[in-house]
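Undergrad: The structure is given below, and queries will be raised subsequently.
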């Protein structure tokens, strides 16, 4: 849903360079003997002089975003270092060097409770509403003590979903639908926080602000597609090739790459496989070359297909009709939504 991408965006916004992101995959610190790598090996052990993977990285780049990716996979001993870091803003490595973390932004991501978010999202019908944000944060409900309030909201949701035979006006039905969405989100948040409380110690959670991400919607994926398109367009512009993707082509891709369960990764695979991967051999063969315009459109003659139309460009940046050529880009059917978890891409 974009947790890691958010960390990258924050790094670029705060420190103006994604190189200032220090990313630690916590699955690499799941065993007791691997935890010491964060602050370095004890005296007498191999690599003692090299420093810790966390402390040395921050010592060299003190103004950074530190990302503990999928923190639930870390060994419990990792949280002892994390507590000290969050409390005092510093860590001392095994060489006795104290590293200052006060100029760092600390982020920990987790997939705990994702199933509750997906289930609540489906029941609330938020996909159809198109009003779900990529990241949802309620400043008034960021602490675990609000679980009781959230559970109360869940009970209201059950009452709303009860079998009521009373006739209601269209305005009342809309209000009821909005209430269902709000209550199901409250219930999902309660379930996520309750599961987090079972996995993490209270002293860890109390030192963090919890931000719960909603599932990505098709509208979100369209915006993500445009970001990927911009990245590809920047690369092509270095070779003086203009890239244009029609809006119906974006819709075509999103319809085939959208997945509640797999998020934006599925869209990225589609983009890399069916667009970027197809262009590379065309450039190498000379079919697509400098001074051309590449337009990606939905095929009018082939079903479930995208086409790449190219042409030479005149001095005004317009396509020269006599030079127009086209090739099939990809043919992909719309997947069966009931088989979303199989991820055919």
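Undergrad: Which condition from (1) in contact with a strand residue (DSSP E or B) (Cβ under 8 Å, 6 or more places away or on another chain); (2) modelled with pLDDT of 95 or more; (3) surrounded by fewer than 17 Cβ atoms within 10 Å (Cβ to Cβ) is the one that residue 230 breaks?
TA: With respect to (1) in contact with a strand residue (DSSP E or B) (Cβ under 8 Å, 6 or more places away or on another chain); (2) modelled with pLDDT of 95 or more; (3) surrounded by fewer than 17 Cβ atoms within 10 Å (Cβ to Cβ), residue 230 is out only on (1).
Undergrad: So which residues in the stretch 80-107 are assigned to a helix (DSSP H, G or I) and surrounded by 18 or more Cβ atoms within 10 Å (Cβ to Cβ), if there are any at all?
TA: Correct list: 81, 82, 85.
Undergrad: Separate question: For the structure I just gave you, tell me whether residue 249 is buried (at least 20 other Cβ atoms within 10 Å of the Cβ) and at pLDDT 95 or above.
TA: Judged against the criteria, residue 249 is a match.
Undergrad: In the stretch 332-344, how many are surrounded by 13 or more Cβ atoms within 10 Å (Cβ to Cβ) and either modelled with pLDDT of 80 or more or touching a strand residue (DSSP E or B) at 6+ places or on another chain (Cβ under 9 Å) (or both)?
TA: Counting residues in the stretch 332-344 that are surrounded by 13 or more Cβ atoms within 10 Å (Cβ to Cβ) and either modelled with pLDDT of 80 or more or touching a strand residue (DSSP E or B) at 6+ places or on another chain (Cβ under 9 Å) (or both) gives 2.
Undergrad: Report yes if residue 110 is at pLDDT below 75, surrounded by 15 or more Cβ atoms within 10 Å (Cβ to Cβ) and not in a strand (DSSP E or B), otherwise no.
TA: So residue 110 does not fit the description; no.
Undergrad: What number of residues within the stretch 234-246 satisfy the criterion of being crowded, with 17+ Cβ neighbours inside 10 Å and within 21 Å of residue 264 (Cα to Cα)?
TA: 1
Undergrad: Checking the conditions here, which among 315, 290 is out of contact with any helix residue (DSSP H, G or I) (no Cβ under 6 Å at 6 or more places or on another chain), at pLDDT 90 or above and outside any strand (DSSP E or B)?
TA: The conditions single out 290.
Undergrad: Which number in (1) over 22 Å from residue 10 (Cβ atoms); (2) modelled with pLDDT of 90 or more; (3) surrounded by 14 or more Cβ atoms within 10 Å (Cβ to Cβ) marks the one condition that residue 27 misses?
TA: Against the list (1) over 22 Å from residue 10 (Cβ atoms); (2) modelled with pLDDT of 90 or more; (3) surrounded by 14 or more Cβ atoms within 10 Å (Cβ to Cβ), residue 27 comes up short only on (3).
Undergrad: Look at residue 299 and say whether it is surrounded by 13 or more Cβ atoms within 10 Å (Cβ to Cβ), more than 29 Å from the chain's Cα centre (by Cα) and without any contact (Cβ under 8 Å) to a residue 40 or more places away in the chain.
TA: Judged against the criteria, residue 299 is a match.
Undergrad: Next question. Kindly list the number of the only condition in (1) assigned to a helix (DSSP H, G or I); (2) surrounded by 19 or more Cβ atoms within 10 Å (Cβ to Cβ); (3) touching a residue at least 60 places away in the same chain (Cβ under 8 Å) that fails for residue 58.
TA: So residue 58 meets the others, but not (3).
Undergrad: Ok, one more. Any residue at all in the stretch 37-46 that's in contact (Cβ under 8 Å) with a residue 40 or more places away in the chain, under 27 Å from the mean Cα position of the chain (by Cα), closer than 21 Å to residue 196 by Cβ and in a helix (DSSP H, G or I)?
TA: No; the residues of the stretch 37-46 include none that is in contact (Cβ under 8 Å) with a residue 40 or more places away in the chain, under 27 Å from the mean Cα position of the chain (by Cα), closer than 21 Å to residue 196 by Cβ and in a helix (DSSP H, G or I).
Undergrad: Additional query: Tally the residues that are at pLDDT 70 or above, in a loop (DSSP other than H, G, I, E, B) and touching a helix residue (DSSP H, G or I) at 6+ places or on another chain (Cβ under 8 Å), restricting the search to the stretch 168-212.
TA: Counting residues in the stretch 168-212 that are at pLDDT 70 or above, in a loop (DSSP other than H, G, I, E, B) and touching a helix residue (DSSP H, G or I) at 6+ places or on another chain (Cβ under 8 Å) gives 6.
Undergrad: Within the stretch 262-287, which residues are under 28 Å from residue 215 (Cα atoms) and either outside the structural domain of residue 225 (by TED's automatic domain parsing) or assigned to a loop (DSSP other than H, G, I, E, B) (or both)?
TA: Within the stretch 262-287, just 262 meets the criteria.
The values are calculated or read from the model by the stated rules, or taken from the named source; none is laboratory data. All values derive from a computational prediction rather than experimental measurement. Here the Cβ is made from the backbone with ideal geometry for all residues, glycine too, and neighbour counts use every protein chain on show.
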